[in-house]
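Contents: one structure, followed by commentary.
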Amino acid sequence: MTLPDDLDIEMALIYFHAYMYGPLRGKVRLYSARGVTPRVAMSEDWELFASILVRDRGVRTQSGLDLEKYEVKSAKYGGSFEYQYHRNSWQRKLVADRAAGHLFISHQDLLRLVEVRYCAGADLREYFDAWEAERPYTEEGQQRFRRSVSFGWVQESATLLLRIEDGEVTVDATE
């Protein structure tokens, strides 16, 4: 398996601290005092973080990959990673997913732990083949087809690129 090369961990960490971890740390007491459950990060935050990390640009369409060469998935630690296919583009998206690299970002404890794992689209073939065999969109009116890859599969099969604990890098695949 070919891993993403030339990771920009330093710039990704700068973004993470300035726009994700730092602001959230500043608001945690306010959320807690008001009994509000914070939304830790939007998917766009993770896509931008990943874009910086792998030095790849995002794409402007919502029916294709998140980045030019990568699909980015994020979930709370232990949660599965959802793939969503739209009625008019699901076959093109499956083809793109097969060819892309996949970045799986797990987080917990209000971003005190973040892990980024990677696998090639070919490694997910069993999932993509099964989903395609389901022949989605046979029901009239169905607009989205959702399936997921389990946290356990990602932990076992994808390569750990980066671990951030309490804002500091503790695992760096480039070292």
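Throughout, read-outs are computed from the coordinates displayed, never taken from laboratory work. Keep in mind that this is a model prediction, so the values were computed, not measured. All Cβ positions, glycine included, derive from the backbone under ideal geometry; neighbour counts span all protein chains shown.
Report, in degrees rounded to the nearest 10, the 0 to 90 angle that the Cα long axis of helix 90-99 makes with the longest principal axis of the chain.
60 degrees
What list of ³J(HN,Hα) values in whole Hz, one per residue of region 148-153 in order, does the Karplus curve 6.51 cos²θ - 1.76 cosθ + 1.60 (θ = phi - 60°) give from phi, with Gly and Pro shown as x?
Karplus-based 3J(HN,Hα) across region 148-153 equals 9, 10, 6, 4, x, 4 Hz.
Could you go through region 25-30 in sequence order and give the Karplus-derived ³J(HN,Hα) for each residue, using 6.51 cos²θ - 1.76 cosθ + 1.60 with θ = phi - 60°, rounded to whole Hz, and x for Gly and Pro?
Values per residue, Gly and Pro as x: 4, x, 9, 4, 5, 5 Hz.
Return a whole-number percent for the relative contact order of region 91-175, with Cα pairs under 8 Å and 6 or more residues apart as the contact set.
About 32 percent, as a whole number.
Under the 0.36 nm per residue contour assumption, what length would be gained going from the current alpha-carbon distance of residue 3 and residue 76 to full extension?
This chain segment gains 23.9 nm when fully extended.
Have a look at 69, 27, 93 and tell me which one the Gaussian network model of the chain (Cα, springs below 10 Å) gives the largest fluctuation.
Of 69, 27, 93, the Gaussian network model singles out 27 as fluctuating most.
Charges at C-beta only: +1 for Lys and Arg, -1 for Asp and Glu. How large is the resulting dipole of region 1-89 about its Cα centre, in Debye rounded to 20?
Magnitude of the dipole: close to 640 debye.
Which whole-number percent gives the relative contact order of the chain, counting Cα pairs below 8 Å spaced six or more residues apart?
Values: 260 pairs, mean separation 36.1, N = 175.
Computed over the chain, the figure is 21 percent.
What is region 1-64 by shape, rounded, prolate or oblate, if you read a ≥ b ≥ c off the alpha carbon gyration tensor as root eigenvalues and call it rounded for a/c under 1.5, prolate for a/b larger than b/c, and oblate otherwise? Provide the component values of the computation, followed by the final result.
Numbers: a/c = 3.21, a/b = 1.85, b/c = 1.73.
Taking the square roots of the gyration eigenvalues as a ≥ b ≥ c, region 1-64 is prolate.
At 0.36 nm per residue, and after removing the present C-alpha to C-alpha distance, how many nm does the segment from residue 113 to residue 87 gain when stretched out fully? Before the final figure, lay out each step's value.
On the way: separation 26, 0.36 × 26 = 9.36 nm, distance 3.55 nm.
Stretched fully, the residue 113-residue 87 segment lengthens by 5.8 nm.
Spelling out what I want: for every residue of region 71-87, take phi, set θ = phi - 60°, compute 6.51 cos²θ - 1.76 cosθ + 1.60 (Karplus), and round to whole Hz; glycine and proline get x.
Computed from phi, the couplings for region 71-87 are 9, 10, 10, 9, 7, 4, 3, x, x, 7, 10, 8, 10, 10, 10, 9, 3 Hz.
Could you give the distance between the Cα centres of region 1-55 and region 96-169, to the whole Å?
A separation of 18 Å, based on Cα centres.
Cβ under 9 Å from residue 128's Cβ, residue 128 left aside: what net charge do those residues give with Lys, Arg +1 and Asp, Glu -1?
My count for the surroundings of residue 128 gives -2.
May I ask you to compute the full-extension gain from residue 68 to residue 10, defined as 0.36 nm times their residue separation minus their alpha-carbon distance, rounded to one decimal in nm?
Extra length from residue 68 to residue 10 when fully extended: 18.8 nm.
Which of these values of Cα extents along the principal axes in Å was calculated from the structure shown: (i) 69, 36, 28; (ii) 48, 42, 31; (iii) 122, 73, 38?
Computed from the coordinates, Cα extents along the principal axes in Å corresponds to (ii).
With springs connecting C-alpha atoms under 10 Å apart, model the chain as a Gaussian network and identify which of 146, 135, 117 has the largest mean-square fluctuation.
135
Using a 10 angstrom cutoff on alpha carbons, build the Gaussian network for the chain and name the most mobile of 33, 96, 158.
33
Using unit Cβ charges (K, R positive; D, E negative) and no other charged atoms, how large, in debye to the nearest 20, is the dipole of region 58-171 about its Cα centre?
360 debye
Quick check on region 54-133: take the gyration tensor over C-alpha atoms, sort the square-rooted eigenvalues as a ≥ b ≥ c, and tell me if it's rounded (a/c under 1.5), prolate or oblate. Intermediate values should be presented prior to the final figure.
On the way: a/c = 1.84, a/b = 1.50, b/c = 1.23.
It is prolate, given that a/c is not under 1.5 and a/b is the larger ratio.
Using mean Cβ contacts within 10 Å as the protection proxy, how do 13-25, 121-133 order, highest first?
13-25, 121-133
Taking residue 27 as the anchor, which aspartates and glutamates have their alpha carbon closer than 18 Å to its alpha carbon, excluding any fewer than eight residues away along the same chain?
45, 109, 166
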